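The values are calculated or read from the model by the stated rules, or taken from the named source; none is laboratory data. Just so we're clear, the structure is a prediction, and the values are computed from it rather than from any experiment. In this analysis, Cβ positions are derived from the backbone assuming ideal geometry, glycine residues included, and neighbour counts consider all displayed protein chains. These accessible areas exclude ligands, DNA and RNA; they are computed on the full protein's heavy atoms, side chains included. Shrake-Rupley method; radii C 1.70, N 1.55, O 1.52, S 1.80 Å.
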Amino acid sequence: MQVQLDPSIQIGKAKVFAVYGKGGIGKSTTSSNLSVAFSKLGKRVVQIGCDPKHDSTFTLTKSLVPTVIDVLETVNFHPEELRLDDFVFEGYNGVMCVEAGGPPAGTGCGGYVVGQTVKLLKQHHLLDDTDVVIFDVLGDVVCGGFAAPLQHADRAVIVTANDFDSIFAMNRIASAILAKAKNYKVRLAGVIANRSDQTDEIDRFNAAVGLKTLAHLPNLDIIRRSRLKKSTLFELDSTPELEAAKQQYMNLAQALWDGVDPLCVSPMKDRDLFDFLGFD
């Protein structure tokens, strides 16, 4: 059963994007570079990390910032005692960074954390002047509380690679987004092919189910090293391959800002996907 979102924690006028994908696929790197690309377009951006690991905004802030749950705990969960700068941190090029964090292992729900984060941002009026909100979300199959950002998002984007596990996760995530779309405004925008020199399996799957690739980031060592350097791509010394990657993010940001038509997708059953991709 799905319950309608409390109007008091609706984000408002900002365009909201939720980024999902298989664990370790590069969602945080993608989200942070996309946030910077939006900021380079002159947009006011808030990135919200939704992972207990709380490293979504690491390359933007150069540190692991305190999470919303961390700071709420310091005031015995009395949010009225918090200031905005207790849990919001300015990152590279003015991107505002928030790490929702998560409940202690085995307790609580990630959905509660997301809801409290949005409520705090609204109470402190940070979202009043925000153009873009990006949720960087943990979870391969978008179960339980980690589907909560889909209640706020206008468009969901899936990060994938050209391999079976990534495409399997993409298929399950697409199913979850379609389920949420029955009661919320969220729609599937498309796919970011990441860490993949080839996209033949992604392309074949997209054609079969109705997905579309919005951007393609090859398996570039400079992207891997950017995280080791605590840096977004936009801060590194220029090379031809780096400029090409940055342009992919700029093009993606512009396309999402201009508006991406929702996709009509028909995800496969698990067994059918195994057969389709040629695995016994």
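Some notes on this structure:
- Lone qualifier among L242, L211, L178 - being touching a strand residue (DSSP E or B) at 6+ places or on another chain (Cβ under 6 Å) and either open to solvent by 30 Å² or more (accessible area, probe 1.4 Å) or modelled with pLDDT of 90 or more (or both): L211
Residue-by-condition table, conditions (1) of a type in the set (V, I, T); (2) surrounded by fewer than 23 Cβ atoms within 10 Å (Cβ to Cβ); (3) modelled with pLDDT under 80; (4) in a helix (DSSP H, G or I):
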| site | (1), (2), (3), (4) |
| --- | --- |
| N93 | no, yes, no, yes |
| V98 | yes, no, no, no |
| G101 | no, no, no, no |
| G106 | no, yes, yes, no |
| G111 | no, yes, yes, yes |
| G115 | no, yes, yes, yes |
| V118 | yes, no, no, yes |
| L127 | no, yes, no, yes |
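- Within segment 25-41, considering residues that are assigned to a helix (DSSP H, G or I) and open to solvent by 10 Å² or more (accessible area, probe 1.4 Å), the one nearest to G94 (Cα to Cα): S39
- Matching residues, segment 182-208, being surrounded by fewer than 22 Cβ atoms within 10 Å (Cβ to Cβ), without any contact (Cβ under 8 Å) to a residue 60 or more places away in the chain and not charged (D, E, K, R): S196, Q198, T199, N206, A207
- Inter-residue pairs, beta-carbon under 8 Å, first touching a residue at least 24 places away in the same chain (Cβ under 8 Å) and in segment 71-88, second among the polar types (S, T, N, Q) and open to solvent by 20 Å² or more (accessible area, probe 1.4 Å), 6+ apart: L72/Q116; P79/Q116; P79/Q123
- Yes/no for L256 being touching a strand residue (DSSP E or B) at 6+ places or on another chain (Cβ under 9 Å), assigned to a helix (DSSP H, G or I) and either aliphatic (A, V, I, L, M) or open to solvent by less than 60 Å² (accessible area, probe 1.4 Å) (or both): yes
- Those residues of segment 144-175 which are among the hydrophobic types (A, V, I, L, M, F, W, C), in contact with a strand residue (DSSP E or B) (Cβ under 7 Å, 6 or more places away or on another chain) and farther than 19 Å from D203 by Cβ, in sequence order: F146, L150, A153, A156
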